[in-house]
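Comments concern the structure below.
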Amino acid sequence: MIRVIRSGCIVACLVVGLFACGRVELSENQIRDLAWQYLEPSTSSHTRSHWKYVEVKKVMGSEVAAKFKKEHVSWCGQDIPVEKNRSIKPSGSYWYIHLKPKEATPLPTPTISPTAPPYIPEPFISQALFLLDPADGRIVACKLTCVIY
């Protein structure tokens with residue numbers, strides 16, 4: 001009898017504990033890391049330091065849904081499998097990440113020709129937008145703006 005009561009108490013404590021814990025969300029640093037992991041295969045340099053985070057913030061779906069209206073169809077010419085954007089719930093909570101390549105910088109070593117083009121760290125993508133699930137970090141929606149020469 002005591003064993004039944006004790007095991008019932010343990011089960012009840014576990015259930016209450018699970019509900020009390022609620023949904024654990026990823027930190028901003030974890031979200032930044034995930035966004036880079038998603039973007040990196042599409043970059044030409046594959047170098048994180050060539051990118052700057054313009055915005056990283058928690059948002060409601062209604063605040064950003066319009067930015068992801070156009071269906072994302074490619075990774076700027078890269079042969080990378082892409083999932084379609086999932087539906088964005090207006091009342092849902094998400095992480096919004098906006099990345100841009102850093103501005104063109106002088107080459108680290110002097111160039112031979114004074115007419116040589118400037119060093120552009122990321123010549124093919126002008127910005128990347130991600131909407132990530134705060135619990136598991138999966139992409140809900142993404143949008144890459146490609147530069148076409």
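The values are calculated or read from the model by the stated rules, or taken from the named source; none is laboratory data. Given the structure is predicted, the values throughout are model-derived calculations rather than measurements. Using ideal geometry, Cβ is built from the backbone for each residue, glycine included, and neighbour counts are taken over all protein chains shown.
For this structure, a couple of remarks:
- Restricting the stretch 99-134 to residues that are over 15 Å from Val54 (Cα atoms) and at pLDDT 95 or above, the residue that is surrounded by the most Cβ atoms within 10 Å (Cβ to Cβ): Leu132
- Filtered residues of the stretch 77-98 (kept if closer than 26 Å to Lys52 by Cβ and either buried (at least 16 other Cβ atoms within 10 Å of the Cβ) or modelled with pLDDT of 95 or more (or both)): Asn85, Ile88, Ser93, Tyr94, Trp95, Tyr96, Ile97, His98
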